[in-house]
C-alpha cells in the first residue's frame, strides 16, 4: 500500500468515526439539552403559579365587590332592573304599573337593548328612581322619561305616571 491510499483510508475512517460519534453521543446531548431548556421554562412557569393564583383571587374579590356595588347579579339584566325598580318602589311608595319586554336593535356589530317601564307615584320619588338607575347602578342610561298626569274619575284624585326608557349596550 502506498502513502496516498493510506491517507485516503485514514481520512475516510476519520469521517466515519466522526459520523458515529455524532450519531451516538453529540445528537443525544443536543436532544437532551433542548429537553432541559423546555423543562426549565416550565419550571419557571410553575414557580410563578402561587403568585398568579393570589393575583387572580384578588381580582375575583375586586370584581365581586364591583358586582355588589353596582347591584348586578348572576341573572339577566332585565331581571336585575326589575328587581332594582321593585325594591326601590317598595321603599319609596311607588307603584310599578308596567314593565314591557325589552326591545333589541342591532346596528352593525352593536346590540342595543331598550327597557321600558311605567311607575306611578310622587314626582320626587320618581326622580330618585331615575337617579338611582342611572348613577348608582350601571345598567345603562336613561334615554327618555315621559310624565303624564292622570285623573281617577271614580275617586276624583290625580296621580302622576312616568314611562321610563332605559338603554343598555351589549
Next on the checklist: I need the per residue convex hull volume for segment 87-137, using only the alpha carbons, in cubic angstrom as a whole number.
Outcome noted: 90 Å³
Next on the checklist: What whole-number distance in Å separates the alpha-carbon centres of segment 1-62 and segment 98-170?
Outcome noted: 68 Å
Item to check | Normalised alpha carbon radius of gyration of segment 3-68 [divisor 2.2 N^0.38 Å] | outcome: 2.57
Next on the checklist: I need two numbers for segment 130-170: Rg to one decimal and Dmax as a whole number, Cα atoms only, in Å.
Outcome noted: 14.3, 45
Item to check | Largest-first principal axis extents, alpha carbons of segment 12-170, Å | outcome: 118, 36, 19
Checklist entry - In what sequence, highest mean first, do 60-67, 124-131 appear when ranked by Cβ atoms within 10 angstrom? => result 124-131, 60-67
Next on the checklist: Nearest 10 degrees is fine. How inclined is helix 3-21 to the longest principal axis of the chain, computing both from alpha carbons?
Outcome noted: 30 degrees
Checklist outcome for this item: Note on segment 75-169: contact order normalised by length, alpha-carbon pairs under 8 Å, 6 or more apart, percent, works out to 27 percent
Checklist outcome for this item: For segment 75-169, the percent of all C-alpha pairs falling in each 5 Å bin, from 0 up to the bin holding the max distance, is 3, 13, 24, 24, 17, 9, 6, 3, 1, 0, 0
Item to check | Taking N as its residue count, the alpha carbon Rg of segment 44-114 over 2.2 N^0.38 Å | outcome: 1.74
Item to check | Mean separation of Cα contacts under 8 Å (6+ apart) over length of the chain, as relative contact order % | outcome: 16 percent
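Taken together, the values in this text are just the output of simple stated rules run on the coordinates, not laboratory data. Every value quoted in this text rests on a predicted model; they were computed, and no experiment measured them. All Cβ positions, even for glycine, are placed from backbone atoms using ideal geometry, and neighbour counts span all protein chains on display.
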